[in-house]
Amino acid sequence: MPAVVMSHGDSPEFEGKITFYVIICVIIAAFGGLMFGYDIGISGGVTAMDDFLKRFFPIVYEKKQHALENNYCKYDNQYLQLFTSSLYLAALFASFVASMVCSKAGRKPTMQIASLFFMAGVGLTAGGVNIEMLIVGRILLGFGVGFGNQAVPLFLSELAPAKIRGALNICFQLFITIGIFIANMVNWLTANIHPYGWRLSLAGAGVPAFFLFFGSLVICETPTSLIERHKVDEGKAVLKKIRGIDNVDAELDSLVHASEMARQVTNPFGKLMKRSSRPPLVIAIMLQVFQQFTGINAIMFYAPVLFQTVGYGNDASLLSSVITGLVNVFSTLVSIYVVDRAGRRVLLLEACVQMFITQGVIGAILLANLKATESTLVSKEALVVVILVCVFVMGFAWSWGPLGWLIPSETFPLETRTAGFAFAVSSNMLFTFIIAQAFLSLLCHLQAGIFFFFAGWIFVMGLFALFLLPETKGVPVDAMHERVWKQHWFWKRYMDEEVDTQSKTIQEKHPHLT
């Protein structure tokens, strides 16, 4: 495959090939995204199935069947929301444990642990006979998500050449969207299998976990992780294998340099609290907050419920969810093609305009035409809502979806990378939990106004991207300090002399780096 020129700050450029082995490693690791995406997609469909509701949430089932039901409140039940959201609360806490495992044991074992947690959770939820089994199963699934979402994006960013890092990292988000699409298809097919269709849907989550576990047995650890754990010779061997060339000394020295700087930091979480670490930390956390407050997970979790609310029957609403899932997948492919050409900021800003308009128009249609206890939308209006949801999903899928994971994984220096990314993952899980737990209640109380609520957040995040988010396209991970943060009009004031002093000390030991 073609060679890719990579640079490290002011160091000499070094070359590498896009090897077939790297592509295989990326695909296997990205199954961690498929696990996450399948769960996002499956939860909403299962919670709309009558057999599931009758067994575990009979009150919701009765409310759903009521002749004069409130269109916006038919699914408003805290326990039903807890079924979905408990996973994300567990993932929040698991991500900090996963950060330590990632540093001490490596990215690869962390992914294996994630798959084991996930398979255990699948067994409890698919075989559940009471609400307690469901919740414990969801918590184990959450541990799997926390470990997987911590390890996989770091693995992909560290394995990829700088020039195509964005495209390879977005494979994680691509597999999330594929997982959502597959889950929607499974829900559509199992909805009429009575009375255990919901069990088949939940059991399907074990398939990507199975592939991740056994696939991870044949992939390599990242050179960065090996060198970080004093395995320099192994790191060099892996670097030769993934780059497809024998002369990897320049890149190896770059990784050794970053690793020796990292070893000077004995408390990475304490280092994160220092002024010089604030820019990547703030960016990482805010990207996760904004990613959730676009309203995307609210739509993807509860797409079947949402489409039933606007007037589609159960089968038609699940089919509509399949359509939006397909749009999600193909739009993420757009991001893979564009992200390393146009850059991160262009995608984020364009999507803000697109999502702001669609959320506003959906809200306006529902406000004007869907009353709380009156008839549902007519077919023409309901079709327009589905189309607008698809346009909204397009914008998210080629911007805030993949880039919310990509940018945090590439902007932290090695000494705070796993700790910083743990904050990103935990922030994502916290706000995913908040949205999952609150969305059906918000829909009940705000009604159509919930879409204006999300539109307001999209406006704010557009301003954030415009003024505070730097461009990271093509910049090597370990050169972000010099080439991104110290050059940005706002964040450069947070850069102190500490990193420069450390760098000079290391370079005295490795003069060839200069």
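The values are calculated or read from the model by the stated rules, or taken from the named source; none is laboratory data. None of these values were measured; they are calculated from a predicted model. Quick reminder, even Gly has a Cβ in these numbers, built from the backbone with ideal geometry, and neighbours come from all protein chains shown. Only protein heavy atoms, including side chains, enter the accessible area calculation; ligands, DNA and RNA are left aside. Shrake-Rupley method; radii C 1.70, N 1.55, O 1.52, S 1.80 Å.
Starting from one equal scatterer on each C-alpha and no solvent at all, send me the Debye-based log10 I(q)/I(0) for the range 85-157 at q = 0.15, 0.27, 0.28 Å⁻¹, two decimals. One equal scatterer on each Cα of the range 85-157 leads to -0.45, -1.07, -1.12. Within the shell defined by Cβ-Cβ distances under 10 Å, the residues around ALA105 carry a net charge of +3, with Lys and Arg each +1 and Asp and Glu each -1.
Averaged per residue, the chain has 36 square angstrom of accessible surface, using a 1.4 angstrom probe with ligands and nucleic acids left out.
Separation of the alpha carbons by more than 28 angstrom is noted, of LYS104/LYS240; LYS241/LYS492; LYS231/LYS492, for LYS241/LYS492; LYS231/LYS492.
Of interest is the spacing of the C-alpha centroids, which for the range 243-284 and the range 400-470 amounts to 25 Å.
Extension gain, ILE245 to TYR79, is 54.2 nm, computed as 0.36 nm per intervening residue step minus the present C-alpha separation. Quick check: at a probe of 1.4 Å, how many percent of the accessible area of the chain sits on carbon and sulfur atoms? It is 67 percent, rounded to a whole number. With label points built 7 Å along Cα→Cβ from the Cα atoms of PHE459 and HIS194, find their separation and express it in nm. In this crude label model, PHE459 to HIS194 measures out at 4.8 nm.
The shape of the range 172-246 can be summarised by an equivalent ellipsoid whose semi-axes, obtained from the alpha carbon gyration tensor, come to 41, 12, 9 Å from longest to shortest. Per residue, the convex hull spanned by the Cα atoms of the range 137-268 measures out at 132 cubic angstrom. Computed over all pairs of different Cα atoms, the Kirkwood value for the hydrodynamic radius of the chain is 23.3 Å.
Judged by the mean number of other Cβ atoms found within 10 Å, the most tightly packed of the peptides 124-132, 51-59, 485-493, 323-331 leads the ranking 323-331, 51-59, 124-132, 485-493.
The length gained on full extension between GLU381 and ALA438, counted as 0.36 nm times the residue separation minus their Cα-Cα distance, comes to 17.9 nm.
The percentage of C-alpha pairs in the range 317-372 whose separation is greater than 16 Å is 62%.
Computed extension gain for PHE330 through VAL353, at 0.36 nm per residue and net of the alpha carbon distance, reaches 6.3 nm.
Summarising the label geometry, the points placed 7 Å from Cα in the beta-carbon direction at ARG493 and LYS473 lie 2.8 nm from one another.
Dipole orientation for the range 135-257: of the candidates SER216, ALA160, TRP188, TRP188 has the Cα lying most toward the positive pole (charges on Cβ; Lys, Arg +1; Asp, Glu -1). Membrane-span-like helices in the chain, defined here as complete DSSP H runs extending at least 30 Å along the helix axis by their C-alpha atoms with mean Kyte-Doolittle hydropathy no lower than -1.0, are 78-105, 131-159, 165-190, 314-342, 344-369, 417-446; this is a sequence and geometry rule, not a statement about a membrane. Taking every Cα-Cα distance in the range 406-451 and sorting them into 5 Å bins from zero, the calculated P(r) comes out as 5, 20, 17, 14, 10, 10, 11, 7, 4, 1 percent.
For the chain, the cysteines with no partner cysteine C-beta closer than 4.7 Å are CYS25, CYS102, CYS171, CYS220, CYS352, CYS390. Semi-axes of the equivalent ellipsoid of the range 421-493 are 34, 16, 8 Å, computed as sqrt(5λ) over the eigenvalues of the C-alpha gyration tensor in descending order. Per residue, the Cα convex hull of the range 113-191 amounts to 85 Å³.
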